[in-house]
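One structure is given below, encoded as structure tokens.
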Amino acid sequence: MTELPPFLIFFIGGVIAAVSPNIVRAILTVLVPAVSALLLFNTELGNYGAYQIFSYQGELYRLDELSRLFGYLFHIAAVIGGIYALHVKDRVQQVSVFFYAGSALGGVMAGDLVTLFVFWEIAAVSSVALVWARRTMKAYHSGMRYLIIQIASGMLLLVGAVMLLGEAGSATFEYIGTDSAAGWLILIAFGIKAAFPFAHNWLTDAYAEATPTGSVFLSAFTTKLAIYALARGYPGTELLVYVGVAMTAFPIFYAVIENDLRRVLGYSMINQLGFMVCGIGIGTELALNGAVAHAFNDVIFKGLLFMSMGAVLHMTGKINGSELGGLFKSMPITTTLCIIGAASISAFPLFSGFVSKSMVMSAALSEGYLGGWLVLLFASAGVFHHAGIKIPYFAFFAHDSGIRTTEPPRNMLLAMTISACLCVGIGCFPQYLYAILPFETGYWPYDATHVIAQTQILFFSALAFIWLQLKGIYPPELRSVNLDVEWFYRRVFPQGWIQVRDTFSKSADAVTYVLRSVLVWVLDIVLHHHGPKGSMSRSWSTGSMMLWVFVLLAGYLLFYFV
């Protein structure tokens, strides 16, 4: 019984939910993760589910320290997200969540790359329903862009897996590296899903357009599956250090000027993913522990922030900072829970972000990446600036928008409360998280150096925000859509295609005109000689015909003998 893959429970739950009434779907939302988690907890580490298709041998289910940690994480996310979405009566969202969570679990437990590809694509197709379920034209277009990019990532993964199978004779999902073209293709596939620079806008685009509950699930599974894949296939790849450092820095500038608060959280997520990617690139035991621990914490505190903004959107119908403010008067509990999430993502001591982010920064400094460490230090201040302060400030304080509402449904408050308790619990008692990490490092975050340094960073970042606000320099919440790299495929490429199409159309019209003119000219000549009154249609005398026969015969004989 313990060899039964936990993700199979989610798929079965999804099939049952598809034909069940709402009350059954609501029960399954909490029951399925609980049963699956119990199954995972009682399963011994090892390899299960070996299969063979023709000559290919795959492994459906592999459980080790790394996959088990992500398995626990995805179950926690599924339970919290399920409680948060209990009020939802949308069959599409409820069914898609089962398959989405199940495919993420299947991905982290896949023992070979082909099996990973299957779950990779199921996750893409099932998750896009959470964007389309909002049922607006913006959500439809965002979902289409999201789906195209995710499917492209899967195709690169499949091509790389096939090439690796041809080169090495095996597609076992273990260390891959960048020594071959297959390794590079798979790295790009993982990088797209991890929101690497220049391939990141699907995240800020789709997450901001998903339903209030859908964005919570999206924040938990897709990118963390990619982080797991990078940790499994590319630990110690130095390129990832620089990619991760870039990811921590550039989103800060976009988040500061962004008006949509869920897009701010999207940029903030890229910033946090950068710490994880950097840790994977450093590749030491401390760095890898820090990367996966931060992934664990990020699902919880980023989920809490998405839940708090989802609650605001659910109760007010608004999510732009320019339209909110003053909500602490009517949503005090949500405000408090949001502040806990903000403190966690900002890595305040005694909150969860502090006990994992400091591991990555310590590893970067100890391995000699001084420049990278300085950028990570700047990024730590920046995330407090735009996520730790901006999100709660503009949503619940700032100018009073005059909106008066009530707290969200109790199930939403319960889910946020569970997340907030985990944020504080992990921050105060990190040894319980460290106990399930892949490596034993003996690391302890609460020494004077770490605490004082982080407190100083947060203090001066807060002073900078206050000073910018008082001076009126802080960027206003403009009513606009900010585009960065997506400007190419949302503006340049469509306009370029229209230009090419118009140019081709004009060229085709010109060619058609020329061909038509030539055809008319040829027909005129043919009709002139062969028409009813043409020269070739007149009667010829016998003598004339004999003369022409003689001329042709003489010409032929002359040509032949010469």
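The values are calculated or read from the model by the stated rules, or taken from the named source; none is laboratory data. These numbers come from a predicted model, not from an experiment. With ideal geometry, Cβ positions are generated from the backbone for all residues, glycine too; neighbour counts draw on all protein chains shown.
Sub-7 Å Cβ pairs linking a first residue in segment 3-27 that is among the β-branched types (V, I, T) to a second residue that is surrounded by 21 or more Cβ atoms within 10 Å (Cβ to Cβ), at least 6 apart or interchain, are I9/V32; I9/S36; I16/L28, ordered by first then second residue. Scan segment 195-216 and give yes if some residue there is farther than 22 Å from E258 by Cα, among the hydrophobic types (A, V, I, L, M, F, W, C), part of a helix (DSSP H, G or I) and at pLDDT 95 or above, otherwise no. Looking through segment 195-216, none of the residues is farther than 22 Å from E258 by Cα, among the hydrophobic types (A, V, I, L, M, F, W, C), part of a helix (DSSP H, G or I) and at pLDDT 95 or above. Is it true that Y242 is closer than 26 Å to N289 by Cβ, surrounded by 22 or more Cβ atoms within 10 Å (Cβ to Cβ), modelled with pLDDT of 95 or more and not assigned by TED's automatic domain parsing to the domain that holds Y56? Judged against the criteria, Y242 is not a match.
Looking only at residues of segment 387-426 that are farther than 23 Å from S346 by Cα and among the β-branched types (V, I, T), we find that the one that is surrounded by the fewest Cβ atoms within 10 Å (Cβ to Cβ) is T406. If the condition is being of a type in the set (D, E) and crowded, with 24+ Cβ neighbours inside 10 Å, then segment 191-222 contributes only E209. Of V264, V243, V256, all but one fail to be β-branched (V, I, T) and under 13 Å from I280 (Cβ atoms); the exception is V243.
Read through the list (1) buried (at least 24 other Cβ atoms within 10 Å of the Cβ); (2) touching a strand residue (DSSP E or B) at 6+ places or on another chain (Cβ under 9 Å), then give the number of the only condition that D112 fails. Exception for D112: condition (1).
All of E167, E209 fail the test of being of a type in the set (D, E, K, R), under 30 Å from G82 (Cα atoms) and over 11 Å from the mean Cα position of the chain (by Cα), apart from E209.
Among the residues of segment 306-332, the ones that are in a helix (DSSP H, G or I) and in contact with a Pro (Cβ under 9 Å, 6 or more places away or on another chain) come to 12 in all.
Mind checking which residues of segment 350-381 are part of a loop (DSSP other than H, G, I, E, B), touching a residue at least 12 places away in the same chain (Cβ under 8 Å) and surrounded by fewer than 19 Cβ atoms within 10 Å (Cβ to Cβ)? Selection gives L350, E367. Counting only helices (runs of 4 or more DSSP H) that sit wholly inside segment 1-101, those with at least 1 residues that are of a type in the set (K, R) are 22-41, 65-84. Restricting segment 161-176 to residues that are in contact (Cβ under 8 Å) with a residue 60 or more places away in the chain and surrounded by 15 or more Cβ atoms within 10 Å (Cβ to Cβ), the residue that is farthest from P251 (Cα to Cα) is L165. Is it the case that segment 147-165 has a residue that's within 27 Å of A50 (Cβ to Cβ) and part of a loop (DSSP other than H, G, I, E, B)? No: segment 147-165 contains no residue that is within 27 Å of A50 (Cβ to Cβ) and part of a loop (DSSP other than H, G, I, E, B). Inspection of segment 266-277 identifies at least one residue that is buried (at least 24 other Cβ atoms within 10 Å of the Cβ), of a type in the set (S, T, Y) and touching a residue at least 40 places away in the same chain (Cβ under 8 Å).
Remark: pairs (first residue in segment 297-316, touching a residue at least 40 places away in the same chain (Cβ under 8 Å); second residue surrounded by fewer than 24 Cβ atoms within 10 Å (Cβ to Cβ) and of a type in the set (S, T, Y); Cβ separation under 8 Å; 6+ apart in sequence or on different chains) = M315/T405; M315/T406; T316/T405.
Okay, residues lined up against (1) within 18 Å of M416 (Cα to Cα); (2) of a type in the set (D, E); (3) under 25 Å from the mean Cα position of the chain (by Cα):
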residue	(1), (2), (3)
V292	no, no, yes
N297	yes, no, yes
L304	yes, no, yes
S308	yes, no, yes
M315	yes, no, no
F328	yes, no, no
S344	yes, no, yes
S366	no, no, no
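Just one of the numbered conditions (1) in contact with a Lys or Arg (Cβ under 7 Å, 6 or more places away or on another chain); (2) farther than 19 Å from F11 by Cα is not true of V131: (1).
In the set (1) within 23 Å of D260 (Cβ to Cβ); (2) at pLDDT 95 or above, the condition left unmet by D90 is number (2).
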